[in-house]
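Step one of this worksheet: look at the structure below.
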Amino acid sequence: MNLGYYPGCSLHGTSDDYQQSLKACFGALGVSLTELDDWICCGATAAHMLNRKLSIALPARNLALAVRQGCDELVAPCSMCSMQLKKAQRAMVQDAALAEEMATIVEAKPGATRVLNLIDVFERVGLEAIKTAVKAPLKDLKVACYYGCLLTRPPEVVEFDDCEQPESMDRIVEALGATAVAWNYKTECCGAGMTMANEETVLELSHKILADAAAHGAQCVAVACPMCHVNLDMKQAAIEARYGTKYGMTIYYLCDLVGLALGLTPRALGIDRHFAGRNA
Amino acid sequence: MKIPTQGDSIALLESLSQTKFADCYQCGKCTAGCPRSAHMDKMPNQLVRLLQLGQVDAALGSDAIWQCVSCETCTTRCPKKVDCAAVMDALRQVSYERGLTSKQQAAVVLFQKAFLDSVRRNGRVNEVEMIAQYKIEGFAAMRRLGFLFDGALLAPQLQMHRKLHLIGEKVRDRDLVRRIFARCMEVKE
């Protein structure tokens, strides 16, 4: 299976361990990626906070590139990127005048390219196929599957899983032989893009997530978003210092866990580049 | 330049957020689910109420709009399909464009501005360049020496985990990126 690939700035920057992991994992599952040529930033929080038009135009430019490059399906492993791409698409479908204006602004016509998140790709491969490919079952591993905000919200935009009680990641983790724990903070916010601008917010919100995961017996947390990973992993030492606790919680990208179960090494998946936890 | 009336501002905010403020019946579900409400000077439902009453300046000047983390929980749970998260965005955009943000909110605004400036120049975010601009402009606005060094200890750690990329990426068609920015950010009225 070959899919288009929109990495977004994070996966080519601080979170390139996520890209390393997903490429190794997809490779083992027979999924190849063709990176969208000359893609630009989706605008993220900055664009939708300060200029609505720009928050539609930047994704629209990438959707137009996808059409030009014959890409029908585009994997965007960052929840912010995939949500922004889908939100722009929906806005243009609902408003023909806006679609025309965008075609003028970005000098090309965006199309109906299907945008996929990380979990979509695993579902496309199929749970049964993943189960069959497992070489090193993750038995005895208790995982808190953390979905965060934008994988499932806003539901009309992302049209993915249940927005209050999502289960898709839990099913994948269980297919690997691990146990997905029941817990309360699956879809609570980690503080997202406030990592630098309002660190106190991130420490408070991410602390609650780690505390609830630990209270429900999780030994690690699985995420499918680079910002969630930054806040729970890179900021974990600061959270522990701020709240006088010790979690030592490993934060895995979902593809880390799939890769480990497929027999890939932590090093091949970039897990040695994480900050927190025993395996880091 | 024409000074916008309250009516103009309401129409602009409704257009930016694609929301009719009158639709809200003040059930408070947005506020109940908001992870930041404890730190807000006005609750999300109160902001919408202010807009229903035409009190635009009070809404634009609130600190709450800069506390919002855009988690979209309010929008998701609203029984009347009021896009509360988009209302927050609309208030922030207009507040920013009219220069109403206070010194207290400078960090959030300047970070987002540094992010967009980096994208405008390169087509993608250059983390080092963005942080440098944010630190310089933030220090100039806040005059707090510690601000310059907040988080500086993370740099050697990032290096250790092979996550520090000093040379950022640039797209080829940067002229087009600049044209897109110019077309989106042209001053209205």
The lone condition B:Arg144 fails out of (1) within 9 Å of another protein chain (Cβ to nearest Cβ); (2) farther than 25 Å from A:Ile40 by Cα is (1)
Filtering the range B:140-187 down to residues that are in a loop (DSSP other than H, G, I, E, B) and farther than 23 Å from B:Arg121 by Cα yields B:Arg143, B:Arg144, B:Asp150, B:Gly151, B:Ala152, B:Leu153, B:His161, B:Arg162
A careful count of residues in the range A:140-164 that are away from chain B (no Cβ under 12 Å), out of contact with any His (no Cβ under 9 Å at 6 or more places or on another chain) and at pLDDT 95 or above gives 7
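Is it true that A:Gly30 is in contact (Cβ under 8 Å) with a residue 24 or more places away in the chain and either crowded, with 24+ Cβ neighbours inside 10 Å or within 11 Å of chain B (Cβ to nearest Cβ) (or both)? Break it down into steps so the answer makes sense when it comes.
Values: in contact (Cβ under 8 Å) with a residue 24 or more places away in the chain: yes; either crowded, with 24+ Cβ neighbours inside 10 Å or within 11 Å of chain B (Cβ to nearest Cβ) (or both): no.
Here the answer is no, as A:Gly30 does not meet what is asked.
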Picking from A:Leu50, A:Leu58, A:Leu3, the residue that is surrounded by 18 or more Cβ atoms within 10 Å (Cβ to Cβ), of a type outside the set (D, E, K, R), touching an Asp or Glu at 6+ places or on another chain (Cβ under 9 Å) and facing chain B (nearest Cβ under 9 Å) would be A:Leu50
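I'd like to check something: does the range B:42-49 contain any residue that is of a type outside the set (A, V, I, L, M) and under 21 Å from A:Lys87 (Cβ atoms)? Full working, then the answer.
Step one: filter the range B:42-49 for residues of a type outside the set (A, V, I, L, M), giving B:42, B:44-46, B:49.
With the extra rule that they be under 21 Å from A:Lys87 (Cβ atoms), the set shrinks to B:44.
Yes - at least one qualifying residue is present in the range B:42-49.
Output the helices (runs of 4 or more DSSP H) that fall wholly within the range A:161-280 and possess 2 or more residues being charged (D, E, K, R), surrounded by fewer than 24 Cβ atoms within 10 Å (Cβ to Cβ) and free of Cβ contacts under 8 Å to residues at least 40 places away in the same chain, or say none. Steps first, answer last, please.
Details: elements: A:168-175, A:199-215, A:226-229, A:236-243, A:254-261, A:266-269.
In the range A:161-280, A:168-175, A:199-215, A:236-243 are the helices (runs of 4 or more DSSP H) which contain 2 or more residues that are charged (D, E, K, R), surrounded by fewer than 24 Cβ atoms within 10 Å (Cβ to Cβ) and free of Cβ contacts under 8 Å to residues at least 40 places away in the same chain.
Residues are listed down the side, and each one gets a yes or a no for (1) among the acidic types (Asp, Glu); (2) within 14 Å of A:Phe160 (Cβ to Cβ); (3) touching a residue at least 40 places away in the same chain (Cβ under 8 Å); (4) surrounded by fewer than 22 Cβ atoms within 10 Å (Cβ to Cβ):
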| site | (1), (2), (3), (4) |
| --- | --- |
| A:Ala66 | no, no, yes, no |
| A:Pro77 | no, yes, yes, no |
| A:Leu85 | no, yes, yes, no |
| A:Val93 | no, no, no, yes |
| A:Glu100 | yes, no, no, yes |
| A:Lys109 | no, no, yes, yes |
| A:Gly126 | no, no, no, yes |
| A:Asp140 | yes, no, no, yes |
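The values are calculated or read from the model by the stated rules, or taken from the named source; none is laboratory data. Only a predicted model underlies this, so the values are computations on that prediction, with no experimental measurement involved. When we count neighbours, we look across all protein chains shown, and the Cβ atoms used for this are built from the backbone with ideal geometry, even at glycine.
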